[in-house]
1. Which of the residues belonging to the stretch 1-47 are open to solvent by less than 50 Å² (accessible area, probe 1.4 Å), of a type in the set (V, I, T) and at pLDDT below 90?
2. Only one of V62, V88 is closer than 15 Å to A27 by Cα and at pLDDT 90 or above. Can you tell me which?
3. Please specify each residue of the stretch 70-85 satisfying the condition of being part of a loop (DSSP other than H, G, I, E, B), in contact with a Ser or Thr (Cβ under 9 Å, 6 or more places away or on another chain) and modelled with pLDDT under 90.
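The values are calculated or read from the model by the stated rules, or taken from the named source; none is laboratory data. These numbers come from a predicted model, not from an experiment. Don't worry about glycine lacking a Cβ; one is built from the backbone with ideal geometry, like all the others, and counts go over all protein chains shown. Surface areas here come from the heavy atoms of the whole protein model, side chains and all, with no ligands, DNA or RNA. Shrake-Rupley method; radii C 1.70, N 1.55, O 1.52, S 1.80 Å.
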Amino acid sequence: MSPARYETIILYSRNDAFGDGLVRVSALRAARTAFPDSFIVYGTTASSTLEHVLNRHVDHLVDAINVRTPLARLVASHRKGKERVAIVDFRMVAPWLIQT
């Protein structure tokens with residue numbers, strides 16, 4: 001079975017402190033590797049270290065970084081017609097997954 005084709009992939013989170021940004025670099029690299037022809041967007045509800053401090057580590061992995069942008073606005077601005085859009089929402093947290 002061939003992998004699914006997504007014209008746009010949106011990875012979305014709240015805000016990224018430095019450590020959060022480092023974790024996101026791996027996720028962006030995995031997305032770019034799995035979907036090399038997709039338009040990859042990284043967005044946040046607030047600020048992000050990927051926008052400035054870590055930008056040189058992700059600028060080749062993403063096509064756009066949109067900080068302080070609601071998810072609905074990102075989807076509306078990057079969806080054209082009936083193309084397939086995938087959304088990875090890092091804001092979702094299941095308390096039972098965060099156990100030590």
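1. V25, T44
2. On the way: V88 fails: at pLDDT 90 or above.
Going through V62, V88 in turn, the sole match is V62.
3. R79, K80, E83, R84
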